[in-house]
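So the structure is just underneath, and the comments pick up after that.
The values are calculated or read from the model by the stated rules, or taken from the named source; none is laboratory data. Just so you know, these numbers come straight off a predicted model, no measurement behind them. Cβ placement follows ideal geometry from the backbone for every residue including glycine, while neighbour counts extend to all protein chains displayed.
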Amino acid sequence: MFKINDYVIYNAMGVYKIVDICSEQDIITGAETKYYVLKPVYSNNLTIKTPVNNKKVLMRKVLSKEEVLSLIESMPNEETVWIDNDKLRNEKFKAALKTGDCENWIKLIKSIYQKKQEKEAIGKKLLKADEEIMKTAEKNLYEEFAVALNISPEQVVSYIKSCVS
């Protein structure tokens, strides 16, 4: 169970802070349910209330600074994955986004960025779906790294570059 003030990844939607844990009683059954009250750290989106024992959504603690530094160190060696079939790629990439796994997000970002560079070199553009997946993966990864490293999401790319160069 998480505690108040813990930072979590919620359903691959970004970093949230647990601001409260409350209980509510069901009017009909009388059963009591505990809820986490989550507030987004880097946006003003609505506050989320989710049952403590909710198995339908991914919720995990944000990585530690050491885990983030280890991931950054491994980035240059990270494999890229590209699927030529647009529909299949979109399905696989969206599924990878939903895992909430930073390594998967890094693979997505690196793979799509590499393909984007190749396409731009011959005067073409990426599909909008690929761009959107990359933006979501970047947002999630940068937010998580920012919390762990105690910097802003906007500083994450330059921080990574300074570590891997």
Cβ pairs under 9 Å, 6+ apart, first in region 16-34 and farther than 25 Å from Asn44 by Cβ, second among the charged types (D, E, K, R) and not in a strand (DSSP E or B): Glu32/Asp26; Thr33/Asp26
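Consider Ile106 carefully, then state whether it is of a type in the set (Val, Ile, Thr), within 27 Å of Ser152 (Cα to Cα), surrounded by 11 or more Cβ atoms within 10 Å (Cβ to Cβ) and within 17 Å of the chain's Cα centre (by Cα).
Judged against the criteria, Ile106 is a match.
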Region 7-33: number of residues that are exposed (fewer than 15 other Cβ atoms within 10 Å of the Cβ) and in a loop (DSSP other than H, G, I, E, B): 6
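Give region 37-56 a look and list any residue that's among the hydrophobic types (A, V, I, L, M, F, W, C), surrounded by 14 or more Cβ atoms within 10 Å (Cβ to Cβ) and farther than 19 Å from Val156 by Cβ, or say none. So that I can check it myself, show each step before the final result.
Step one: of region 37-56, the residues among the hydrophobic types (A, V, I, L, M, F, W, C) are 37-38, 41, 46, 48, 52.
Now restrict to residues that are surrounded by 14 or more Cβ atoms within 10 Å (Cβ to Cβ): 37-38, 41, 48, 52.
Within region 37-56, Val37, Leu38, Ile48, Val52 qualify.
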Residues (loosely packed, with under 14 Cβ neighbours inside 10 Å, free of Cβ contacts under 8 Å to residues at least 40 places away in the same chain and not basic (Lys, Arg)) located in region 81-102: Trp82, Ile83, Asp84, Asn85, Leu88, Glu91, Ala95
Test: residue in region 137-152 that is at pLDDT 95 or above, outside the structural domain of Asn11 (by TED's automatic domain parsing), buried (at least 16 other Cβ atoms within 10 Å of the Cβ) and farther than 17 Å from Val8 by Cα: no
All positions within region 121-141 that are without any contact (Cβ under 8 Å) to a residue 12 or more places away in the chain, farther than 28 Å from Glu73 by Cβ and assigned to a helix (DSSP H, G or I): Ala121, Lys128, Glu132
Some residue of region 61-73 being surrounded by 13 or more Cβ atoms within 10 Å (Cβ to Cβ), assigned to a loop (DSSP other than H, G, I, E, B) and not polar (S, T, N, Q): yes
